[in-house]
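Each remark here refers to the structure printed beneath this line.
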Amino acid sequence: MSGETLAALPRLSRQSGAGIVSICSAHPRVVEAALRETASRNGEVLIEATCNQVNQEGGYTGMTPEAFRHFVEGIAARNGFDAGRIILGGDHLGPNPWKHLPAEEALQRAEAMVDAYVRAGFEKIHLDTSMGCAGEGAAVPDEVTARRAARLATVAEAAGGQAGTRPLYIIGTEVPTPGGAIEEPRDARADLARGGDRDGGSTPRGLRRGGAGGGVRACHRARGSAGRRIRFRERPCLR
């Protein structure tokens with residue numbers, strides 16, 4: 001599988017507005033339909049799993065990241081689709097499945113999940129650490145979000161170096177919550193015009209501030225085992 005398409009998207013988006021559809025589903029008919037549609041044209045297909053659907057403990061589908069990869073590739077094989085044209089992504093990877101636990105325990109499990117996703121060959125990694133855990137509010141301050149995201153990115157880089165993969169990152173909460181919206185729909189364009197999310201668009205600035213405590217900025221300085229700098233792209237991911 002190749003993430004070259006994803007790596008080229010920022011440039012292509014600036015030049016022509018090109019993008020790629022993200023299919024976030026564990027339903028075999030949805031996956032099969034996505035593969036058949038992609039087979040009719042050139043290019044690759046991006047299929048994602050959420051932290052609740054698929055994780056190292058099985059999620060609600062009963063699948064680990066490795067099992068999900070085999071699940072998707074099995075459907076591809078039955079339909080004569082080249083698995084090399086499949087990009088796998090992990091959506092909302094963070095403490096959300098364990099947010100009922102104390103923060104440190106939830107984050108340790110989130111680290112194990114991110115490690116499992118990257119080692120299974122998932123290349124598009126969406127890190128979302130904005131939710132509060134036991135004893136915290138519904139959402140944590142931007143600086144805390146940034147430090148936790150940097151912590152998970154460091155794990156992803158280490159796993160990628162050992163597995164020989166190069167994960168690409170989406171970081172932020174400018175997307176629906178895992179499993180879909182839990183509140184009244186908002187005007188996404190108005191949110192983006194303000195600069196980002198529902199608290200007035202402070203997420204990108206918060207990620208920079210969070211680095212001052214050794215989080216994001218430390219990750220910018222760090223290098224993975226492949227010698228690659230960890231970089232955060234402050235761009236919203238829209239569905």
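Read the figures in this text as sums done on the coordinates, not as results from a lab. Only a predicted model underlies this, so the values are computations on that prediction, with no experimental measurement involved. Neighbour counts are summed over all protein chains in view; Cβ atoms, including those assigned to glycine, are modelled from backbone coordinates with ideal geometry.
Ordering of 151-160, 77-86, 102-111 by packing is 151-160, 102-111, 77-86, highest average first (other Cβ atoms within 10 Å, averaged per residue). Compute the distance in nm between two label points, each set 7 Å from the Cα along the Cα-to-Cβ direction, one at ALA67 and one at ASP82. Once both label points are built, they end up 3.1 nm from each other.
Count the net charge of all other residues whose Cβ sits under 14 Å from the Cβ of VAL155, scoring Lys and Arg as +1 and Asp and Glu as -1. Local charge sum for VAL155: +2. Distances between placed amide hydrogens fall under 5 Å for GLU48 paired with ILE23, CYS24, SER25, GLY89, all partners being 5 or more residues away or on another chain.
Amide H to amide H, with H built 1.01 Å from N, LEU101 comes under 5 Å of ALA134, counting only residues 5 or more places away or on other chains. By the beta-carbon count within 10 Å of each Cβ, the least crowded to most crowded order of LEU168, LEU101, fewest first, is LEU101, LEU168. Rounded to the nearest Hz, the phi-derived 3J(HN,Hα) couplings of the range 72-85 under the Karplus curve 6.51 cos²θ - 1.76 cosθ + 1.60 (θ = phi - 60°) are 5, 5, x, 5, 4, 4, 5, 10, x, 9, 5, 4, x, 9, where x marks glycine and proline. Rounded to the nearest 0.05, what FRET efficiency do GLN108 and ALA33 have when you use their Cβ-Cβ distance and R0 = 30 Å? Once rounded, the FRET efficiency stands at 0.20.
Count the net charge of all other residues whose Cβ sits under 13 Å from the Cβ of ALA26, scoring Lys and Arg as +1 and Asp and Glu as -1. That works out to -1. Net charge of the neighbourhood of THR129, taken over other residues with C-beta under 9 Å away and scored Lys/Arg +1, Asp/Glu -1, is +2.
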